[in-house]
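Following: one structure in structure tokens, then a few remarks.
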Amino acid sequence: MMHKEEHTTPKTPENEEEIILEDGEGNTAIGKDAIKDLREKLKKALAEKQEYLEGWQRTKADFVNARKRDEESRSEMIKFANENLIFELLPALDSFTMAFANKEAWEKVDKNWRQGVEYIYAQLMGALEHSGLTQFDPKGEMFDPARHASIGSEPVTDQSQDHKIITVIQKGYLLNGKIIRPAQVKVGDYTTTK
């Protein structure tokens, strides 16, 4: 049987942490102190790795959230980019509405001309609706100062009509769900007389 010769590398300040045992045949073994040191280094490296991983994950999540916020901002900007132009066109829509409201005068106009004007109005409304414009007529609704602008009141004898919209002077408009012009209305005013 062969005798394995073990010898230790001498401890010096440069290799104090390393205690390597050799058996004479080129095989090496690491001493207990070196294993302890390696375990501590491994533990420290794993802790650093976890810290870096968590930091990277937080940064990635922050980036994804920032990107989402940018996309939402851009989407909102696009939805309302034409708001000023559309707002400027509302008086023209009001003029069409007033012309159509006077039934007696409207019926006296040549039928072909009347149909042409109605077609132009339909085209304009179609284009504006495609851009997100919605017209609303709140007659009969409860008065809501966020959606309606009261320009007066009308006395009512029925208590159920109190604070309800009796007359719509000018229709309201929403752009992609946002009120860009409240409806101008007259509100019912029920008062009891003594």
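FYI, it's all coordinate maths here, none of it is from the lab. Bear in mind the structure is a predicted one, so any value in this text is a computation, not a measurement. Every residue, glycine among them, receives a Cβ derived from its backbone with ideal geometry; neighbour counts consider all protein chains shown.
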I'd like to know how the stretch 83-190 sits against the 2.2 N^0.38 Å rule of thumb: what's its Cα Rg over that expected value?
1.22
Residue-wise HN-Hα coupling along the stretch 53-67, computed from phi with Karplus coefficients 6.51, -1.76, 1.60 (Hz; x: Gly, Pro):
4, 5, x, 4, 5, 4, 5, 5, 5, 4, 5, 4, 5, 5, 5
Please list the non-local residues whose amide H lies under 5 Å from the amide H of His163, H modeled 1.01 Å from N, same-chain partners needing a gap of 5 or more.
Gly188, Asp189, Tyr190
Amide H to amide H, which residues 5 or more places from Ser153 or on other chains are under 5 Å from it, using H placed in the peptide plane?
Val187
Among Tyr119, Ser131, Val168, the residue whose Cα sits farthest towards the positive end of the charge dipole of the stretch 83-190, when +1 is placed on the Cβ of each Lys and Arg and -1 on the Cβ of each Asp and Glu, is Tyr119
What number comes out for the charge environment of Phe136, summing +1 per Lys or Arg and -1 per Asp or Glu over other residues with Cβ under 12 Å away?
+1
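For the stretch 49-118, what number of Lys pairs, 8 or more residues apart or on separate chains, have alpha-carbon atoms under 29 Å from each other?
6
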Rounded to the nearest Å, what's the spacing between the alpha carbon centres of the stretch 40-63 and the stretch 128-194? Just the number, please.
59 Å
Give, as a single signed number, the net charge of other residues whose beta carbon lies under 11 Å from the beta carbon of Ala61, with Lys and Arg counted +1 and Asp and Glu -1.
+2
So which trypsin sites (Lys or Arg not before Pro) in the stretch 124-180 end up in coil per DSSP with only 14 or fewer other C-beta atoms within 10 Å?
Lys139
